[in-house]
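To start, the structure under review is shown below, and the notes come after it.
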Amino acid sequence: MTFTETDIHRLIDGELTPEDAAQVSAWVEADATRRAQADAYRLQAALLHVRFDALLNEPVPPRLLAAAQVRPAANDWRFMRVAGQALFALVCMGIGWAGHLWLGGSATPGTSINAGLPQRAAVAHAVYAPEVRHPVEVGADQEAHLVQWLSKRLSVPVRAPGLARHGFRLVGGRLLPGDDRPVAQFMYQNDAGKRLTLYVLSMPRVHTAAARQATESAFRFERVGTVNVFHWTDDTRGYALSGELSREELLPIARTVYDDLEAKESKGG
């Protein structure tokens, strides 16, 4: 059976039957170019979801509803054309904005390296958390190898904190491209199928108290689209825990991650 680019879009959008999805997925995985193309489409879809999902749930302003009700019928075609052009421009701006953050462009000269940390972490979560067949590069059954590999690539020790007390088990992890350095992502899942991701990037070590104070950030929360993120930094790493859980659900898990990492760091492990 022959497939086309349209089938890749339908696969990513969940429009195929399970049987067809399995065939298209196998077809995509058989070719590096098709895999790269599918990854690019997934990233584009994730950027749009992160940027606009919250907007889609907002009520239509009364003034716009009123304008729609009194619009002359003769101008319908002109209204639809202008509205379509405006929507297209908005979508393009949204992709550019989110892509700018993904590439690390949110930080202006003089700002902290983690200025765009929650946005990049949320996009990475949105891209990989829905994955069924390939959510991670290295599975939890090879945790020791995974940690050693990511630590070597980031040039700083990284760890996968245990979240069993919260009902989440490690799925595995992967290496991601950062703005100017590699990034690690660990993924967790509970029995209900909900997933969390821990995004870790290395940071330049600072040597003075003033520089360290300017670099370190407090334990912070940010909502990016539908993804909630708790993020913080230490002397050599930036962390962001992301998930589509409520702030109240995510907070105790983030505290566990923070405490676990801080405790091991203080022991020099």
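Check every one of the strands (runs of 3 or more DSSP E) wholly within segment 216-257 and list those with 3 or more residues that are out of contact with any Lys or Arg (no Cβ under 8 Å at 6 or more places or on another chain).
220-224, 237-243
Tally up the residues in segment 157-173 that are under 20 Å from Thr233 (Cα atoms) and open to solvent by 20 Å² or more (accessible area, probe 1.4 Å), please.
Adding up the residues that qualify gives 3.
With the requirement that a residue be open to solvent by 30 Å² or more (accessible area, probe 1.4 Å) and not in a helix (DSSP H, G or I), what does segment 137-156 give you?
Glu137, Ser155
Could you grab me the full set of residues in segment 174-190 that are open to solvent by 10 Å² or more (accessible area, probe 1.4 Å) and either at pLDDT below 95 or in a strand (DSSP E or B) (or both)?
Matches in segment 174-190: Arg174, Leu175, Pro177, Gly178, Asp179, Asp180, Arg181, Pro182, Gln189.
The values are calculated or read from the model by the stated rules, or taken from the named source; none is laboratory data. Worth saying up front: this structure is predicted, and the values here are computed from it rather than measured. Note that each Cβ is placed from the backbone with ideal geometry, even for glycine, and that neighbours are counted across all protein chains shown. Only protein heavy atoms, including side chains, enter the accessible area calculation; ligands, DNA and RNA are left aside. Shrake-Rupley method; radii C 1.70, N 1.55, O 1.52, S 1.80 Å.
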